[in-house]
1. In deg cm²/dmol and to the nearest 500, what is the mean residue ellipticity at 222 nm of the protein assembly as shown if only DSSP H runs of at least 4 residues count, each as -39500 (n - 2.57), divided by the residue total?
2. Would you please name the trypsin sites (Lys or Arg not before Pro) within the range A:381-425 that are DSSP coil residues with at most 15 other C-beta atoms within 10 Å of their C-beta?
3. May I ask for the net charge around A:ASN326, where only other residues with Cβ less than 11 Å from the Cβ of A:ASN326 are counted and Lys, Arg are +1 while Asp, Glu are -1?
4. Can you give the mean number of other chain Cβ atoms that lie within 10 Å of the Cβ atoms in peptide A:493-503?
5. How would you order A:374-386, A:511-523 from highest to lowest mean count of nearby Cβ atoms within 10 Å?
6. Quick one: of A:LYS584/A:LYS633; A:LYS274/A:LYS307; A:LYS467/A:LYS609; B:LYS27/B:LYS47; A:LYS362/A:LYS587, which pairs are farther than 18 Å apart, Cα to Cα?
7. Compute the distance in nm between two label points, each set 7 Å from the Cα along the Cα-to-Cβ direction, one at A:GLN132 and one at A:LEU534.
8. A:VAL304's amide H: which non-local residues (gap 5+, or another chain) put their own amide H closer than 5 Å, with H modeled 1.01 Å from N in plane and none for Pro or chain starts?
Amino acid sequence: MSLKYSGYMGKVMAVDLTTETVSEYPWSDTERELYIGGKIMAARILADHLTGKETAFSEDNWVVISTGPLTGTGAPSSARFNISALSPQTGILASSNCGGSFGLYLKKAGYDALILKGQCRKKRWLEINEEQFIFHDADELWGTKTGECQEKLIELIGKKNFGKLCIGPAGENLVKYASIVSDERSAGRTGLGAVLGWKNLKAITVSGTKMVPVHDKEQTAQWIKKWVSYLQSHPLTGKQLPKLGTAGLVSSMQMHGLLSTRNASAGHFEDFEKVSGETLAEEYNITNKGCATCPIRCARTVKVYDKTVKGPELETLVLLGGNIGNCNLQKILDWNYELDELGMDTISAAGTIAWAMEANEKGLWHNGLSFGSIDTLSSIFDDIAHRRGIGDELAEGTKRLSEKYGGKEFAMHSKGLELSAYEPRRAVGQGLGYAVSNRGGCHLNGGYLVILEGLGLNVDSQTPKAKADFTMLFQDLMEMISASGQCLFTSYAFFPAFLLNKPNGMLVKIVNFAATHVGWAVRLINKFPRICALHLPMFHHTKMFTLAIGMKMDFGHYIEIGERGYNLERMINNRFGITAENDKLPKRLTNVPQDPKHPETKVPLETMKKTYYQARGWDKNGIPKEKTLRRLKIK
Amino acid sequence: MITVKLFGLLRIESGIKELHLEADTMKQLCDNLCLQSERISKKDLDKCIILINGNKGNKRSKLQDGDTVIFMSPVAGG
Ligand code: SF4
């Protein structure tokens, strides 16, 4: 079959786990053009299948594992793949992105995506190569942690160079926030590990030697060279992320009152220096590391139990640090490793523990946990993964626990997904993002406005002005970066270096001031993206599409596809009952000022939501209007 | 005496976490700080966000004995 576009292998395979049969799922050039790949492609497939009646633990819950067209083309940071399905945590659409090598190898085997339907009748693992899909009994693997499981897979396949993903005990035992692990990288959020666990599928391996076709090889290679050198010379992607990793944000968040502390009851942690990125770099870090094809290399390696392993990200440092009243960094390294091994999302696990600590201290649920008392945490995580004792309850997550015991006003989740590490009362645009994000309380899917509101630029962090419009723009931009197979961190180089290198300069002050006054201009771009029919010099992504994929692309077209993806996901969520009522935050964040002396330090959510819905072309109930869906060619 | 704390890349690259320096103005403090390490230049300090006792400051701010000044290089990305 000849394809109109390069970058694709041209095959989407539907695997029926119940009957252990495989067929090709039709996917055309037009669909490639409209939905690209990754999470947007998954949203289209799921939108065509889901009716609103399915549940996460049902045979009808299809799991879509999809790559983007840039994966395998050599584009920077492009070894990402996406997993989407209904989430057991939120009951709505889940999507989780992973930097492990599975996606790269899936393309080498000749496939752009996999759809997993049904449920294995017994415990299985699946081996995929260029010719075959082979089901194996997983009795030998069941019960293993993710590291051991992947070691065993290497023995079973008999070589090292292949892609793999697996679940740990948490996924097997249907912990609501179980993750899927590929190499040392996790598709952490939204509990998709439990979906594989329910499907009795412990692991998938994939191998192959096919090459990903590239449209204009010579020019693509030149463009990649230029792009990599731009990323490496940029202060964020060339210096801060390689040297400090995401952990480098801890101190800055502290200074800006954004560091979630004691279950987000505060934005400052008195002992933050002990758990900061600087301390990690000075006392614990061994080297930096990256996902395949990434010149940024933001990951850390550290020593845990005499092993060199991947270190914690910012989220884990904060949420297992100040947010549970802990300042013991070595403990955070240990737990981070243990949670990866058990196959559990560190953000949701930590968020659930923080809520349980507060609930205990308030006398709502006598569970023995309290802020700063950390000696039993390792065994509690193990209990969660195996659903033993109190672990069985904690495995249900913050939302369900707060519905059972009370304490919803301090249950830090949105739509059932625990919030990330940014305390949003000092970055209200980030608060809006958490509330409206398609997958629940996620900083990235929410639009990551905190990058304007203190981390990066210093736009007024309390005003709602222009925040809705920027939120939409950033959400759409990141949606498309993700769908193309690239890491969202490549977008940080979007901010020209001079803005970051002169934070006290007049120009930056003007930009910070002006940003809240240009909502109308951003709205115009959001409404008529085609007016941006150009390649922006600091945004290399669009030209990469033209050169490597042979697809006509410019900035306007790029964000329009992102918008299509965001609306498709919303449309699916609407079928599962999501309306404006669900786009909310716990009362602590909207009604209680972080600093009582500054009544403005809370999230003015309703004001921003109204503007956001208007900007998006949704009605006041948060439902995309027919004309919006038609304009985006969703219907 | 002014307490100076460094964060971000500036701290990693200079190897200095905290020091105590005499200065009446931010300009004096910056000059003095550059003398403490070859790895700290005026250009590096220009790139930093400055906080004086937790509030935003700049190169023209005046200082008082006992103040704490934080220099933090720009960060983003989590
Ligand atoms: S920036 Fe970090 S997370 Fe993103 S691809 Fe590179 S190493 Fe992976």
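1. -10000 deg cm²/dmol
2. Loop-located and lightly packed - A:ARG388.
3. +1
4. Mean number of neighbouring Cβ atoms from other chains: 3.
5. A:374-386, A:511-523
6. Result: A:LYS584/A:LYS633; A:LYS274/A:LYS307 exceed 18 Å.
7. If labels sit at A:GLN132 and A:LEU534, their model points lie 5.6 nm apart.
8. Sorted by chain and number, the residues that satisfy this are A:VAL309.
All of the numbers you see were taken from the coordinates with simple rules; none came from a lab. None of these values were measured; they are calculated from a predicted model. Note that each Cβ is placed from the backbone with ideal geometry, even for glycine, and that neighbours are counted across all protein chains shown.
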